[in-house]
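A.B. asks: For reference, the structure I am asking about is given below.
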Amino acid sequence: MKCRVLAALACLVLVLSGCGGDGGGGGGGGDSKPVSFSQEALASPVDGASRYVLYLPQGYETSPDKRWPLLIFLHGSVVLSDLELDSITRIGVMGFMRNTGTHFPAIIIAPQQDLDFYQYPTNAQWPITWHDPVFLDAVIRDVESRYRVDKTRVSITGGSMGGFGSWAMALSFPKRFSAVMPVAGGLTNDDLLYFSNIPLTGAEDWGHAFDAVASNNVRVYSGLSDNNVPIAVARNPVSLLRSAGGNPDVHEEAMDHAGVQLLAFTKDPVDWMLARDRPDADSASTPIPNPQEFAGAYHFDTGEKVSISATEHQIRLDFGPGRNPMPFLYIRDDRFIAGWLMYARRDSAGNVKCFVSPLPAVKVPYRFYPDLIRDDATEACRA
């Protein structure tokens, strides 16, 4: 938890007062109206969250036949303590717009990952902050149903926890985004592994997940002096993407955690995202070949009972009354992702016997991810 809690401290200082802007930002011009945002919500909460902040571009109302690019900005974890419209619009892309008067020619949203989602078993130690891909998917679909979105030009970015979320969303929806721009982020699990002095995740952990995103337009910003998301953590997904045949545009800057975010959430990087398109865009996540083989009764090796249900694209961990179910999206090769990566292990007959995370079997000082063992398993999980 050290990384994700500390990693987002910069989110409180991204007031962007030092950033320049032309006041017009993609066609606003000197007579631009003040930048304004609205608070929106899903009709029904998804996994405990429902709200998002919305910006509609100048000319939206007067151009009824025009479809617009959609840009998703994911906030960092410290903002979880203050998820109101005023605080969300002081950071990242919206903070830059608000502080410089810049208008971008796009629909821009900032999903708000409310604290109600974070309800966990009481006898296990858990990471407490991440962007839930299922909630983010619901927000994007809500915006696409209500507003005139060009679905071939949907891009995603975010800083700190939002940088981790950008990678997770790209892997969860490999053909959805025309551009992906993680900032001061990395892969789920890697920050915790780094600060536990354990090797970071590798190809054996991710299977062929990166093959599915090798053709994506990806730009990465990271800070060489970032002590919250160390450069090794930021470089690991870049390395995995390159090994899969990808060609990310990498910007490693002589900056700390806050500085690299101040640099990335400005006009030129945003314009780069908005200029990308994806004619083959597909909003679906990767389907599970045989969903029901993962369903059943399980228990953590800490003793907590869990029931897993499965649909075409996800499994859900149900802890019982008083706690929200936890959804995991499928990303190929028996791998699933939410706040952490976990993958199924099979017995000698090919049946799912348990789920494990990339942490090794040895007990580490802070055990984030206990093994999830099927109740009727006949073979040891890590045998």
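A.B. asks: Considering all alpha-carbon pairs of segment 162-242, what whole percent are spaced by more than 23 angstrom? Display every interim value, and only then the final one.
C.D. replies: On the way: 466 of 3240 pairs.
I get 14 percent for the Cα pairs in segment 162-242 exceeding 23 Å.
A.B. asks: Express the carbon and sulfur contribution to the solvent-accessible surface of segment 123-213 as a percent, rounded to the nearest whole number, probe 1.4 angstrom. Kindly include the intermediate steps, with their values, before the conclusion.
C.D. replies: Values: 1150 of 2330 Å².
Percent of accessible area from carbon and sulfur atoms in segment 123-213: 50.
A.B. asks: Which of the trypsin sites (Lys or Arg not before Pro) found in segment 288-337 are loop residues per DSSP with 15 or fewer other Cβ atoms within 10 Å of their Cβ?
C.D. replies: On the way: sites: K305, R316, R323, R332, R335; in loops: R323, R332.
Filter output for segment 288-337: R323.
A.B. asks: Report, to the nearest whole %, how much of the accessible area of segment 286-375 belongs to carbon and sulfur atoms, 1.4 Å probe, protein only. Numbers along the way, then the final one.
C.D. replies: Working: 1880 of 3590 Å².
After summing per-atom areas, the C and S share lands at 52 percent.
A.B. asks: If each of K305 and E293 carries a label point 7 Å out from its Cα toward its Cβ, how far apart are those two points in nm?
C.D. replies: Result: 2.8 nm between the two label points.
A.B. asks: Related question: Rounded, prolate or oblate: which fits segment 244-383, taking a ≥ b ≥ c as square roots of the Cα gyration tensor eigenvalues, rounded meaning a/c under 1.5, else prolate when a/b beats b/c?
C.D. replies: Details: a/c = 2.31, a/b = 1.77, b/c = 1.31.
Taking the square roots of the gyration eigenvalues as a ≥ b ≥ c, segment 244-383 is prolate.
A.B. asks: With unit charges on the beta carbon (Lys/Arg positive, Asp/Glu negative), name the residue among T201, A254, Y221 whose Cα is farthest towards the positive pole of the charge dipole of segment 160-284.
C.D. replies: Of the options given, the answer is Y221.
A.B. asks: Taking K66 as the anchor, which aspartates and glutamates have their alpha carbon closer than 18 Å to its alpha carbon, excluding any fewer than eight residues away along the same chain?
C.D. replies: Result set, ordered by chain and number: E144, D150, D277.
A.B. asks: Would you mind working out the accessible area per residue for segment 263-340, using a 1.4 Å probe, and quoting it in Å²? Working shown, then result.
C.D. replies: Numbers: 3190 Å² over 78 residues.
With the other protein chains kept in place, segment 263-340 gives 41 Å² per residue.
A.B. asks: By what distance, in whole Å, do the Cα atoms of segment 196-319 stretch along each of the three principal axes, largest value first?
C.D. replies: Extents along the principal axes: 49, 41, 26 Å.
A.B. asks: How high is the relative contact order of segment 253-322, in percent, with contacts defined as C-alpha pairs under 8 Å that are six or more residues apart?
C.D. replies: Details: 60 pairs, mean separation 14.6, N = 70.
Normalised by residue count, the contact order of segment 253-322 is 21 percent.
A.B. asks: Starting from the Cα-Cα distance between K33 and A380, subtract it from 0.36 nm times their residue separation and give me the gain in nm to one decimal. Don't skip to the end; give the middle numbers.
C.D. replies: Details: separation 347, 0.36 × 347 = 124.92 nm, distance 6.41 nm.
Full extension of this stretch gives 118.5 nm more.
A.B. asks: OK, next. Less than 9 Å Cβ to Cβ from K175, Lys/Arg counted +1 and Asp/Glu -1: what total charge do the surrounding residues give? Working shown, then result.
C.D. replies: Details: positive: R176, R278; negative: D280, D282.
So the surrounding residues net to 0.
A.B. asks: Which FRET efficiency value, to the nearest 0.05, is calculated for N247 and L224 with the Förster distance at 22 angstrom and r the Cβ-Cβ distance? Let's see the in-between values first.
C.D. replies: On the way: r = 21 Å, r/R0 = 0.97.
Calculated value: 0.55.
A.B. asks: Would you mind counting up the charge near P64? Only other residues with Cβ under 15 Å from its Cβ, with Lys and Arg at +1 and Asp and Glu at -1. Present the calculation step by step, with values, prior to reporting the outcome.
C.D. replies: On the way: positive: K66, R67, R146, R148; negative: E61, D65, D150.
Summing Lys and Arg as +1 and Asp and Glu as -1 gives +1.
The values are calculated or read from the model by the stated rules, or taken from the named source; none is laboratory data. All of these numbers come straight from a predicted model, not from anything done at the bench. Cβ sites come from the backbone with ideal geometry, for glycine too, and all protein chains shown count toward neighbours. Please note that ligands, DNA and RNA were not included when accessible areas were found on the heavy atoms of the full protein model with its side chains. Shrake-Rupley method; radii C 1.70, N 1.55, O 1.52, S 1.80 Å.
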